[in-house]
Structure formats: C-alpha cells, structure tokens
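Here it is, the structure, as structure tokens.
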Amino acid sequence: ACTGIENIDEAITLLEQNNWDLVAAINGVIPQENGILQSEYGVETLHGPAYGPASHSAAASSAPSSSSAFRHVVPSRQIVERQPRMLDFRVEYRDRNVDVVLEDSSTVGDIKHILENELQIPASKMLLKGWKTGDVDDSTVLKSLHLPKNNSLYVLTPDLPPPSSSHSGALQESLNQNFMLIVTHREVQREYNLNFSGSSTIQEVKRNVYDLTSIPVRHQLWEGWPSSATDDSMTLAMSGLTFPCHRLTVGRRSSPVQTREQSEEQCTDVHMVSDSDGDDFEDATEFGVDDGEMFGVASSALRKSPMMPENAENEGDALLQFTAEFSSRYGDCHPVYFIGSLEAAFQEAFYGKARDRKLLAIYLHHDESVLTNVFCSQMLCAESIVSYLSQNFITWAWDMTKEANRARFLTMCTRHFGSVVAQTIRTQKTDQFPLFLIIMGKRSSNEVLNVIQGNTTVDELMMRLMAAMEIFSAQQQEDIKDEDEREARENVKREQDEAYRISLEADRAKREAQEREMAEQFRLEQIRKEQEEEREAIRLSLEQSLPPEPKEESTESVSKLRIRTPSGEFFERRFLASSKLQVVFDFVASKGYPWEEYKLLGTFPRRDVTQLDPNKSLLEVKLYPQETLFLEAKE
C-alpha cells in the first residue's frame, strides 16, 4: 500500500536487507527528503543508508542538517488513504476466456454478474473456482482474499447440460480426472505419490510439497513441469501433464531469495522455478490464507483408502490394515505397531516380569487434521524416533477419523484410564490431532504420563519420550526391587516347604518301613506258630500212634534204648526187639526231634542209624538188647 510493490520476492529482499525493519525498508524505496518523521503518529526518523536508487545520492549529500538529506513525505495517515487497487482476472469457461478488471473493494458476486453478461449464464448456476485461499461465497470482498494483481479462475456449471463441442467435453472430463504425481525430493532421495484432481492448481501442488518436504514454495526448484505450465494458478488439467501419472523432481534453491525476473530466466520447458505472485509465501496466514485450504488437499491427496475400517469387529484385523496403509503412505520406516486388542497391548507392556516391562505408546491418527502428514512423515517416521520407540515402548495405534471408531476408542479409554482422560481426548479438536499418549502401568491402575499433540517437532517429541522414560525407569527400578524381594521371600518359602516335604517323606518312609518290618515279623511269627502247631500236631499224632511200651517182665524180647538230646538230656524207652526201626524214629519225633532234621548216631561202632532201612527190626539193625544213641542236628 505504501510502496506499490506487489511482488512478494522483491518485498522480502528489501526486508531482509533492512533486517526486517519495516520503516527502514519503506524509507529505502520511497523518494525521500526527510524520511517518515511524524511524532504525532508514533514513527521515528531512520538515519543510515537506505535501499534504492536514491540511497547513494542521499548518502553523498548528507550534512549535519537532516533536511538536506531527505525531503518531506506525506504523513503515514495520508499514506494509508490510497487509491483503490485494481485486480485482473482471466476467467476460463469451456472454450472461452474472459478478462475481468475490478477494484479490490468489489465482491465475488460482482465478478459473477460481469460473467453473466459475457457468458449468458445465470450467476446462480455458476461455480467460480481457482481461488487460492479456500472456498468463498458471493459476498466475499476481494480485498480480504489478499490476491495478487493477476489471477486465473475457471467456471463450472454442473447444473447445465454440456455443449455438443467435443473440446469442451474433453476439458470438463480432464477437470474431473485424478492425476498421480510422483514427486522425488532430490536432497533426501525420497519419493512421494500424490493424488490430485484435474481442477487442482499448480500452486496447490507446491504448497502440499512444502508440507511434506519443508521447502518453502519460493525456495522450490522444480524439474519435469511441461513447458505450457507457466502460471502457478493454472489447473493440472490445463497444464499439459501426462495422464494418469507424471514424474516431477523438487529440490531447494541454492540462493535463498530470487526475484521473479531471475526465476523466469531459469525456466525451461522441463525446469520451472516456483515464483511468487503474493500467495505462496510460507507465512501465508499473515496474508489471509486459511491453513485448512493450504493443507487439506495434501491430506486428501495422500489418502488412498481409510486407515482403519469402520465398525471393525476384530481389533487385530483393523490394526493390520492400519499398518499396511501407514506403510503405503509414509514408507516402511515407521514404528512397529502392536497387532491385537488394547487389552493384549496392556498384557504385553505391563504384566510381564518387571525387567521386561515397557511403556505403552498409543498413537491416535486423524486423516482430517492438517498436522497429520507432517507429523507422520517427518516425526513419527524419523529413524531416531522409530528406534527409540522400538527399544522402550509397545506402540499401539487407532484411527479417530470415523465417528464409530472414535466412539469405540473413547469407550475403551473410559474403561482403562477413567472418565477424566476420556473427556480430555473427547475435547481435542481435529486440528490438534494426531495425539500420542504415553501410558505407564501401575500395580492397581494405568497412568497417562503425557498427551503429545501433533504440533510438535522431532526434538521436542524425543525430549518428551525421554522424560516419560525417566519416570518409568524410576518406577521400574522400584518394581524390580520389590519383585526381587518378593522372589527371595518366595524362594525361602519354597525351600522351607521343600525341606518340610522331604522331612514328611522321610518320616512316612520310616513309618512305612517300621510297619513293613512289624508286618514281616508278625508274618514270620505266624509262620513259626503255624509250624510249631503243625509240628506239635505231628508229634502228638506220632505219640498216639506209638505202640505201647512193653513191660520189663514181658516174655517177648525187649530192647532198651537210651537216647541223648543235643542239650545233654536223656530219655529211655523199651521197644520190642521185633519192632521196626521206624517206631524208634517216630518216638524220637514225638519228643520234638523229627528225623528229617536230626540224625541218630550209634556209639560203638559210630554209625548213622537214620541211614538204615526203617522197615528193619531193631534186632536186625543190632539195637538189641540195649543201646545208647545220640541225637545230632543235620547240617
């Protein structure tokens, strides 16, 4: 308004050379005598060299009096009261171009009324497109849009039938087509696949590339644009791009500031440097550019399919799609997302051994946020962040774009973290996404250590992750100490229980051995008793079966036998000489000395009587008329 300079590059050059001092830059280009010196308007006089053709002569003719170096200019109040600024519009409709010149105090509706007369189309049927600052309505004042002097617009009439002209139909079809732009970032050798409609402008492409590469539009150096793409306000359908896919390369200009004339000298049919007509300055919000319009196209261009299906029954399947879609958009260098339910992620992070536990990072994605692409591509996919997360965190993700998925996560959040955390997330605006929640598991609950919003930097994100890790490490050391003490107590208890068990086993074994011994003794005693009873029964039977002892005065021949036992006792008995030797054996057995266990020995000569035939008579075996025998146990 003060200088009449409309080229942004030229204005920035002047400001940089004057260290961004606005008054000094204005003094450098306005024909001056006294500079801007009006105390009643709060503006100070600037002394020193000024920029512009008059600067050298002014410096050369400087004198002690400032009036000799500068001439008086109008006060700043009069400077603001300028003539209306004229804007030129070239409006494209099918096969026609209409030039419209209006003051910047006019409205968008005024342009439509002029076009109504020129094109013979009702204003109510027109959709006036090509605005670089977002959607506008008929009441929007052109001055509020901060437009450059020259502008290109186009008219769409979806409610009107298409003309029979094949050219007009082809134009309309190309505006509705989607172009795939494969943009290679030269410095980092990274490739971006961007989808744009044919109605998008070249300027919109450059702004979105700034969003991805952090190269301001005015510093972008392009290769691959067709020679017909000479104006950044031109639509992709009219620029001559190869359909459906076109390759471009972008890099950073070596010189930070170039004038528009220098940029035009470097342009060729395949090498186009971005120029600025006033709208591509990165601080576009100062000139009325809406952030949603600036970055919204990038979000829609990168969005090929939803990150997560709506109303997914299985959280694991939803996370698989999320991971695949995230990789397709931002590359394979990204955090390793846990595949499974949130409860399973808790189990993995919090419920193992204290030494193996980790923090849980929950990434909440939102496709409609203007910060999502930058956060994902430049921060979440940074190698340092990916490495730190993989070492210290279990990372779980969820897409908050769809209302059903958002409600489902808020329900999970209320159940696991409480209503306060759920309300905090519920009140987050779309442009505050994506969110990064850092969760630490405690004995009885889960604590949210930090909620990181998308408007951050890599360094700040890393610092907040490390701060959360410090808190977790302190808690983990306490948990490890408690766990070690608990394990030590349990080991002592196990050892005591084992010793007690062994003692019980020994006592039981001893008792069982005693019981077995007693049982064996009882069995042997029973056997002994049975044997004794059997022997006694045999003895009694033998004793009863013995023939009666003959008397001394018996007329038959009688043999008198005297038998000595192993204990030294003697017992005598008379037998008939005609009695068999077996009768003697039965007599000895009836006294408790069975002939199976004992043998009878004769004295003179010494002989074993039990070896003789038991059926022979005592007379035959020469045990008549008397004999002394000895009992001896058999070996």
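Could you look through segment 395-417, keep only residues that are among the aliphatic types (A, V, I, L, M) and touching a strand residue (DSSP E or B) at 6+ places or on another chain (Cβ under 8 Å), and pick out the one that is farthest from D367 (Cα to Cα)? Lay out the reasoning, then the answer.
So in segment 395-417, the residues among the aliphatic types (A, V, I, L, M) come out as 397, 400, 404, 407, 410, 412.
Within this subset, residues satisfying the condition of being touching a strand residue (DSSP E or B) at 6+ places or on another chain (Cβ under 8 Å) are 397, 400.
Details: A397: 13, M400: 8 Å.
Applying the filter and picking the extreme gives A397.
Moving on. Quick check on segment 451-465: of everything there that is open to solvent by 40 Å² or more (accessible area, probe 1.4 Å) and polar (S, T, N, Q), which residue is nearest to the chain's Cα centre (by Cα)?
The first filter runs over segment 451-465 and keeps only residues open to solvent by 40 Å² or more (accessible area, probe 1.4 Å), leaving 451, 453, 455, 457-460, 463-464.
Now drop any that are not polar (S, T, N, Q), which leaves 453, 455, 457.
Working: Q453: 18, N455: 21, T457: 20 Å.
Looking at the filtered set, the residue picked out is Q453.
If you check S567 against the conditions, is it assigned by the TED database to the domain that holds D613 and surrounded by fewer than 10 Cβ atoms within 10 Å (Cβ to Cβ)?
Working: assigned by the TED database to the domain that holds D613: yes; surrounded by fewer than 10 Cβ atoms within 10 Å (Cβ to Cβ): yes.
Spelling it out, S567 is indeed assigned by the TED database to the domain that holds D613 and surrounded by fewer than 10 Cβ atoms within 10 Å (Cβ to Cβ).
Assuming A468 fulfils every condition listed in (1) at pLDDT 85 or above; (2) out of contact with any strand residue (DSSP E or B) (no Cβ under 9 Å at 6 or more places or on another chain) apart from one, which condition is it?
The single condition A468 does not satisfy is (2).
Going by what's in this entry, would S377 be described as in a helix (DSSP H, G or I), surrounded by 15 or more Cβ atoms within 10 Å (Cβ to Cβ) and of a type in the set (S, T, N, Q)?
Working: in a helix (DSSP H, G or I): yes; surrounded by 15 or more Cβ atoms within 10 Å (Cβ to Cβ): yes; of a type in the set (S, T, N, Q): yes.
It is true that S377 is in a helix (DSSP H, G or I), surrounded by 15 or more Cβ atoms within 10 Å (Cβ to Cβ) and of a type in the set (S, T, N, Q).
Which numbered condition trips up P594, out of (1) under 17 Å from E627 (Cβ atoms); (2) surrounded by 15 or more Cβ atoms within 10 Å (Cβ to Cβ); (3) in contact with a Phe, Trp or Tyr (Cβ under 9 Å, 6 or more places away or on another chain)?
Exception for P594: condition (1).
Can you name the condition, by its number, that G441 falls short on among (1) farther than 17 Å from K358 by Cα; (2) within 16 Å of the chain's Cα centre (by Cα)?
The one condition G441 does not meet is (1).
Every residue, every condition in (1) in a helix (DSSP H, G or I); (2) touching a Phe, Trp or Tyr at 6+ places or on another chain (Cβ under 7 Å); (3) loosely packed, with under 10 Cβ neighbours inside 10 Å; (4) in contact (Cβ under 8 Å) with a residue 24 or more places away in the chain, yes or no:
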| residue | (1), (2), (3), (4) |
| --- | --- |
| I439 | no, no, no, yes |
| A467 | yes, no, no, no |
| A488 | yes, no, no, no |
| K493 | yes, no, no, no |
| R511 | yes, no, no, no |
| E525 | yes, no, no, no |
| A537 | yes, no, no, no |
| E543 | yes, no, no, yes |
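Does S369 satisfy the criteria of being part of a helix (DSSP H, G or I), modelled with pLDDT of 85 or more and open to solvent by less than 70 Å² (accessible area, probe 1.4 Å)?
no
Taking the conditions exactly as written (in contact (Cβ under 8 Å) with a residue 40 or more places away in the chain and not small (G, A, S)), does L618 satisfy them or not?
On the way: in contact (Cβ under 8 Å) with a residue 40 or more places away in the chain: yes; not small (G, A, S): yes.
Answer is yes for this residue.
I've got another one for you. Please state which of the following conditions V420 fails to meet, knowing it meets all the rest: (1) over 24 Å from T323 (Cα atoms); (2) within 15 Å of the chain's Cα centre (by Cα).
That leaves (2) as the condition not met.
What tally of residues in segment 395-432 results from selecting those that are buried (at least 18 other Cβ atoms within 10 Å of the Cβ) and touching a Cys at 6+ places or on another chain (Cβ under 9 Å)?
3
Now for a different question. Could you please find all residues in segment 333-361 being assigned to a helix (DSSP H, G or I) and either open to solvent by 60 Å² or more (accessible area, probe 1.4 Å) or touching a residue at least 40 places away in the same chain (Cβ under 8 Å) (or both)?
Our first condition is that a residue be assigned to a helix (DSSP H, G or I); within segment 333-361, this holds for 342-350, 354-356.
Of everything in segment 333-361, those that are assigned to a helix (DSSP H, G or I) and either open to solvent by 60 Å² or more (accessible area, probe 1.4 Å) or touching a residue at least 40 places away in the same chain (Cβ under 8 Å) (or both) turn out to be L342, E343, A345, F346, Q347, E348, A349, F350, A354, R355, D356.
Which residues, counting only those in segment 109-139, are open to solvent by 30 Å² or more (accessible area, probe 1.4 Å) and farther than 18 Å from S199 by Cβ?
Restricting attention to segment 109-139, the residues satisfying the condition of being open to solvent by 30 Å² or more (accessible area, probe 1.4 Å) are 110, 113-114, 116-118, 120, 122, 124-125, 127, 129, 135-139.
Correct list: D110, H113, I114, E116, N117, E118, Q120, P122, S124, D137, D138, S139.
Here is a further query. Considering each residue of segment 190-199, count those that are assigned to a loop (DSSP other than H, G, I, E, B) and either open to solvent by less than 10 Å² (accessible area, probe 1.4 Å) or farther than 17 Å from F243 by Cβ (or both), and give that number. Give the derivation first.
From segment 190-199, those assigned to a loop (DSSP other than H, G, I, E, B) are 198-199; that's our starting set.
Narrowing the set further to residues that are either open to solvent by less than 10 Å² (accessible area, probe 1.4 Å) or farther than 17 Å from F243 by Cβ (or both) leaves 198.
Total satisfying the criteria: 1.
The values are calculated or read from the model by the stated rules, or taken from the named source; none is laboratory data. Predicted, not measured: the structure shown is a model, and the values here were computed from it. In this analysis, Cβ positions are derived from the backbone assuming ideal geometry, glycine residues included, and neighbour counts consider all displayed protein chains. These area figures cover heavy atoms from the full protein model, side chains too; ligands, DNA and RNA do not enter into them. Shrake-Rupley method; radii C 1.70, N 1.55, O 1.52, S 1.80 Å.
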